[in-house]
1. With n ≥ 4 as the cut-off for DSSP H runs, can you work out [θ] at 222 nm for the chain, using -39500 (n - 2.57) per run divided by the number of residues, rounded to the nearest 500?
2. Anything over 29 Å Cα to Cα? Flag those among LYS2/LYS34; LYS5/LYS58; LYS8/LYS65; LYS8/LYS58, in the order listed.
3. Which order do peptides 15-23, 3-11, 41-49 fall in by mean Cβ count within 10 Å, highest first?
4. Working out 0.36 nm times the residue gap between SER20 and LYS5, then minus their Cα-Cα distance, what length gain in nm do you get to one decimal?
5. How many Å² of accessible area per residue for the chain, probe 1.4 Å?
6. Ignoring any ligand, DNA or RNA, what whole percent of the accessible area of the chain comes from carbon and sulfur when the probe is 1.4 angstrom?
7. Find the relative contact order for the chain and round it to a whole percent, using C-alpha pairs within less than 8 Å whose residues are 6+ positions apart.
8. At 37 °C and 0.692 mPa s, grab the translational diffusion coefficient of the chain from Stokes-Einstein with a Kirkwood Rh over Cα pairs, rounded to a whole number in µm² per second.
Amino acid sequence: MKVRKVKKMRTESEIQEMLSMAVEEKKEWYDFYKSRKMSMSKNAEALRNYTALRGVEKTLRWVLKEIEEVPLQ
């Protein structure tokens, strides 16, 4: 795997903003999933996006040192 160099470091406030956006979007997907009957493909999309955003949230909290648990475990 090739790792590319990052030219600019993100500030803590930028990461906090990304975390807030991820938490909000995660809640929207969860609410969408719980709110109505939907096709199997829409159900899968809602669950997939909700699950992915849980990982995003966990990773950003780890970066901000809010949690100790490594996101990949």
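1. Numbers: 2 runs with 48 residues, N = 73.
Rounded to the nearest 500, it is -23000 deg cm²/dmol.
2. Working: LYS2/LYS34 40 Å; LYS5/LYS58 23 Å; LYS8/LYS65 20 Å; LYS8/LYS58 22 Å.
From LYS2/LYS34; LYS5/LYS58; LYS8/LYS65; LYS8/LYS58, over 29 Å: LYS2/LYS34.
3. Values: 15-23: 15.1, 3-11: 6.7, 41-49: 13.4.
So the order, starting with the most tightly packed, is 15-23, 41-49, 3-11.
4. Working: separation 15, 0.36 × 15 = 5.40 nm, distance 2.61 nm.
Gain on extension, SER20 to LYS5, equals 2.8 nm.
5. On the way: 6570 Å² over 73 residues.
The answer is 90 Å² per residue.
6. Working: 3680 of 6570 Å².
That share works out to 56 percent.
7. On the way: 43 pairs, mean separation 24.7, N = 73.
Reported as a whole number, the value is 34 percent.
8. Working: Rh = 14.0 Å.
Diffusion coefficient, whole number: 235 µm²/s.
The values are calculated or read from the model by the stated rules, or taken from the named source; none is laboratory data. Quick caveat, the model's predicted, so the values are computed rather than measured. Note that we place each Cβ from the backbone using ideal geometry, even for glycine, and neighbour counts take in every protein chain shown. When the accessible area is computed, the model is the full protein with side chains, heavy atoms only, and any ligands, DNA or RNA have been set aside. Shrake-Rupley method; radii C 1.70, N 1.55, O 1.52, S 1.80 Å.
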